[in-house]
Amino acid sequence: MSLRDRFLNLSMHDRAQTVNLPLITTPPEDNDMALSELKGDPKPSLRTNDNCASDAEHVTPQHDASLYRIYRYTPVPTIVADANLSIVEVSDSHLALSGQTRDTLLNTSICDIAPSIVPVPDTASLYGAIRAAISTKQIQLIDDIHLSDKKSYFRLQVTPIFQDRALIYIVFEAHKDTRDRSDSQDHHHAYVNETYKILVDTVKDYAIFMLDTRGNITTWNPGAAIMKGYSASEIIGKHFSVFYSPEDRRNNKPGRGLAVCLRDGRMEDEGWRYRQDGSRFWANVMITPVYEFGRHVGFVKVTRDLTERKAAEGRLIAAFEESSRLKTDFLANMSHEIRTPMNGMRLALSMLTDTELDNNQREYASILEDSTSVLLQIINDILDYSKLSSGSFSLTSDIVEVESVVGAVVRNCKSCLKPGVTLSCSMPPNFPQTMRGDPLRYRQVLQNLIGNAVKFTEKGHVKISTSFAIDTEDPRMYNVSTEVVDSGVGVPGSAINTMFTPFTRFADTTRRKYQGTGLGLSICKSLAELMNGSVGYRPNPDGPGSVFWFTAKMGRTDTRVSMRRSSMLPTDSSENLIKKLREVAPRKHILLVEDNLVNHMVMLKLLQSFGFERIDAAWDGAEAVRLVKQTPLSYNVVLMDISMPVLDGLEATSQIRSMNIDVPIIALTGNALKGDAETYLAKGMNDYLGKPVHRNHLLQVLWKWLGT
Amino acid sequence: MKEHIDKATFDQILEMDDDPDDRDFSMGIVVGFFEQAEGTFKKMEKALEKKDLKELSSLGHFLKGSSATLGLTKVKDACEEIQNYGAGKDKTGTNPITEEDSLKKIDESLATCQADYKVVEKSLRKFFGVENDSEKNVDK
């Protein structure tokens, strides 16, 4: 086989093992020539390969016996090959080195003998060197060839012998590398090596060791011995997968790790690793491939024990979650506890204002009323906040009449307007009458934004504009957006980034004291996000003041649901309301379900005082279900206690609903947490009243469900 | 007496009387509550003997409702404790406690509840002029 064929053959069969040129060093003085060759300069001297076969024919090698002896007896282990790479001479010294006989080597191709016999690191390096030698006509050197059985290093010198342009021989000389690697001439290199060795041996907290190319352990530092429990003699030579769990081994995690490491140049991993005694630790592992003169020789592996850190992280997270839970519980419990006496105060106050008072007394009473309602608002904010922050807040799906909600909030806020400030709202005439959403929460956000605008505007105007658009992603949804523009104090630049964060307030305390917890906007933000919308701020472009906007997604309702009620709490005064309720009450039929005699009597009395004449009484849920079943269309409203013997209020409601009876059911509950109320609503109840029942609240809720 | 009776809530009951001089309704309610409370206490004692925590919790809840309606704060609080202990929870109903603890705590709370009840009963009887339940209050 000719040399050209061989190269052709090589490139066909040895694709994967491409010739690694950096392995080959050309003697420095010839760099220029090598470079020009790389640049592709057409130099006639380099085209020797083309002619070599024909040239070799007429220049027949002269077998001069005396000269042949040079190569036979040279102390440098030498192989001489002809232009076809067939071995024509081997020195005795080479036979001594390789342990071969002359007969086995002669007339064999140099490429067909084992790389360690040549000696070269691998066949690819040999090809590379031969190719470079022929094309450059220069001597090529392959350095640092380690012969493990000889425990020594060699350098292979490849010398091409040309006669004119024809290659006649290639001489391979294996020079023993005389540099002693452990005590070398390269003192600096040795010093650095020694320093690293000491460093690695001193490190106790890190396991640092080397693997060979297949993953077998070749070195072991004291840190590794301490961490993994193996002594150096026990572990060296074993595969590093012994540190992995059986499952990891089944998944070939160690092998994949090495593959990733070779591909990416490094590999980092965290996971459980096992000690010799079977105990495990949480390890951070870093594997880096090691190359020596361009050849992959193994891996360095550094392992850190992070068990403590992981445990500390776990404790930290648990402690954080626990404290967050405690905070939420505490807030919820405290608010609950504060609400109970608050309700008593409000009740007494509302009754006080119904009595005959002189002007002074009336003013004091109204101050008391204002303060209690602010206080209640704060408590409700904190309850909402604790619910929102614990993620247990849920929205109800109900009919929202946006126009009337906005109208109600505007009416509500009018009383707080500073003198001379105008409050106006605009809405496109084709605004849908109803949408599907949570009217209470929608109202809460509006109330907050409009309330803020009114509170912080001393002169000028507050304008509310509401618009809608069909959602581009879901045509069954509307995007409802509301803008509240005011000419008030505006928001200082320093507060813009924090104003939606809980417990931050930016009111200018030197000018005026504004009340609040600093929770309002953060609750708005959370609520808007629950409604798949958002809230935001920008300065008023037409002068001082703010623009707060709020968007929410609401479902479309094409057919109007025939529910005989207004979707919002009336804002009439209680005297007005009681007058109106008294007009309709005699025609209404109420079912009161309450197991406690005392509460039953009190509710009955309250209802009678509102003018109701037809009140049926049930003492447990089962009785209520029976009464409703007997006269399904008779009742206009059911007031239902929650905990009762025989059948509780929730189960009774479910049974009534399963009969397809949509009578409004109002829960009477001793629980002030809104989440519980939402559960009731989810079970099919329509509304709820906290116990002890506040007369005005009962009045409002009844009017909401009975008023036309 | 302030700590025993929430005036606002109690006044709501008094407001319901058609005639403030005669107090027919409120007195009926209060006397009805006395009967209910005493009956409930007896049931609680029995349930305590039988170590029936579920029954105790339910009785606590029951009496809590009516005492809250009348504004009898202290009785209401003690009932709520009994309700929570009976449900195997601590005083505020947040963390679980053992059955043994529950029974012990209920024993204490029941005693407190009855003592608080005696105080308000005496004061309410004085208020309505109903001196002793065996003598006069039957005219309800």
Open item on the list: Checking an interface number: how much accessible area is buried between A and B, summed over both chains, with a 1.4 Å probe, in Å² rounded to 100?
Closed with: 1800 Å²
Open item on the list: With just the Cα atoms defining each centre, how far is region A:248-288 from region A:439-466? Give it in Å.
Closed with: 59 Å
Open item on the list: With a cap of 10 neighbouring Cβ atoms within 10 Å, and only residues DSSP puts in a loop, list the GluC sites (Glu not before Pro) found in region A:337-390.
Closed with: A:Glu356
Task: Flagged links, alpha-carbon separation over 23 Å, of A:Lys588/B:Lys64; B:Lys42/B:Lys118; A:Lys605/A:Lys691; A:Lys525/A:Lys704; A:Lys605/B:Lys46; A:Lys605/B:Lys122 - done: A:Lys588/B:Lys64; A:Lys525/A:Lys704; A:Lys605/B:Lys46; A:Lys605/B:Lys122
TODO: Would you jot down the residues in region B:11-46 that end up with at least 30 Å² less accessible area in the complete protein assembly than in the chain alone, with a 1.4 Å probe?
DONE: B:Gln12, B:Glu15, B:Met16, B:Phe25, B:Ile29, B:Gln36
Task: Accessible surface ranking that places the most exposed of A:Leu417, A:Leu316 first, with a 1.4 angstrom probe - done: A:Leu316, A:Leu417
Open item on the list: Using protein chains only and a probe of 1.4 angstrom, how many square angstrom of A:Ser481 are accessible, to the nearest 10?
Closed with: 40 Å²
Task: Average beta carbon contacts from partner chains per residue of B:57-69, 10 Å cutoff - done: 5
TODO: With a 1.4 Å probe and every protein chain left in place, work out the accessible area per residue of region A:183-310 in Å², rounded to a whole number.
DONE: 58 Å²
Open item on the list: Compute the angle between helix B:73-86 and the longest alpha-carbon principal axis of chain B, please, reported from 0 to 90 degrees and rounded to the nearest 10.
Closed with: 30 degrees
- [ ] At 1.4 Å probe size, with no ligands or nucleic acids counted, give the accessible surface of A:Val260 in Å², nearest ten.
- [x] 50 Å²
Task: With Cα atoms, 0 to 90° folded angle of helix B:24-49 axis to chain B main axis - done: 20 degrees
- [ ] Compute the accessible area of each residue in region A:335-352 twice, once for its chain alone and once with every protein chain present, using a 1.4 Å probe on heavy atoms, and list those whose area falls by at least 50 Å².
- [x] A:Met351
TODO: Grab the other residues whose beta carbon is less than 10 angstrom from that of B:Thr92, score K and R as +1, D and E as -1, and report the net.
DONE: -3
Task: With every protein chain in place, region A:172-300: carbon and sulfur % of accessible area (1.4 Å) - done: 53 percent
TODO: Given the options B:Val75, B:Val120, B:Val130, state which has the largest fluctuation in a GNM of chain B using a 10 Å cut-off (strictly under) for Cα springs.
DONE: B:Val130
Task: Buried on assembly, region A:574-615 (at least 10 Å² less accessible surface than by itself, 1.4 Å probe) - done: A:Asp595, A:Asn596, A:Leu597, A:Val598, A:Asn599, A:Met601, A:Val602, A:Lys605, A:Leu606
Task: Solvent-accessible surface (1.4 angstrom probe) belonging to B:Phe127, in square angstrom, nearest 10 - done: 110 Å²
Open item on the list: Leaving ligands and nucleic acids out of the surface, order A:Arg436, A:Arg273, A:Arg443 by accessible area at 1.4 Å, largest first.
Closed with: A:Arg436, A:Arg443, A:Arg273
TODO: Quick one: what are the phi-derived ³J(HN,Hα) couplings along region B:5-16, Karplus 6.51/-1.76/1.60 with θ = phi - 60°, whole Hz, x for glycine and proline?
DONE: 10, 7, 4, 4, 5, 5, 5, 4, 5, 4, 4, 7
TODO: Give the distance, in whole Å, between the Cα centre of region A:64-108 and the Cα centre of region A:403-417.
DONE: 108 Å
- [ ] Find the accessible area per residue for region A:592-669; the probe is 1.4 Å, ligands and nucleic acids are left out, and the unit is Å².
- [x] 38 Å²
TODO: Determine the share of region A:570-664's accessible area contributed by carbon and sulfur atoms, expressed in whole percent, with a 1.4 angstrom probe.
DONE: 50 percent
- [ ] Determine the order of A:Val118, A:Val203 by accessible area, beginning with the largest, at a probe radius of 1.4 Å.
- [x] A:Val203, A:Val118
Task: Separation between Cα centres of region B:1-77 and region A:587-649, rounded to whole Å - done: 20 Å
TODO: Order these peptides, A:678-687, A:426-435, by their mean beta-carbon neighbour count within 10 angstrom, highest first.
DONE: A:678-687, A:426-435
Task: Straight-distance crosslink candidates among aspartates and glutamates, where the alpha carbon sits under 12 Å from A:Lys310 and sequence neighbours closer than 8 are dropped - done: A:Glu270
Open item on the list: List the residues, sorted by chain then number, that are 5 or more residues from A:Val646 or on another chain and whose placed amide H is less than 5 Å from its amide H.
Closed with: none
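The values are calculated or read from the model by the stated rules, or taken from the named source; none is laboratory data. This is a predicted model, so every value here is computed, not measured. So basically every Cβ, Gly included, is an ideal-geometry build from the backbone, and we count neighbours across all protein chains shown. Heavy atoms of the whole protein, side chains included, go into the accessibility calculation; ligands, DNA and RNA do not. Shrake-Rupley method; radii C 1.70, N 1.55, O 1.52, S 1.80 Å.
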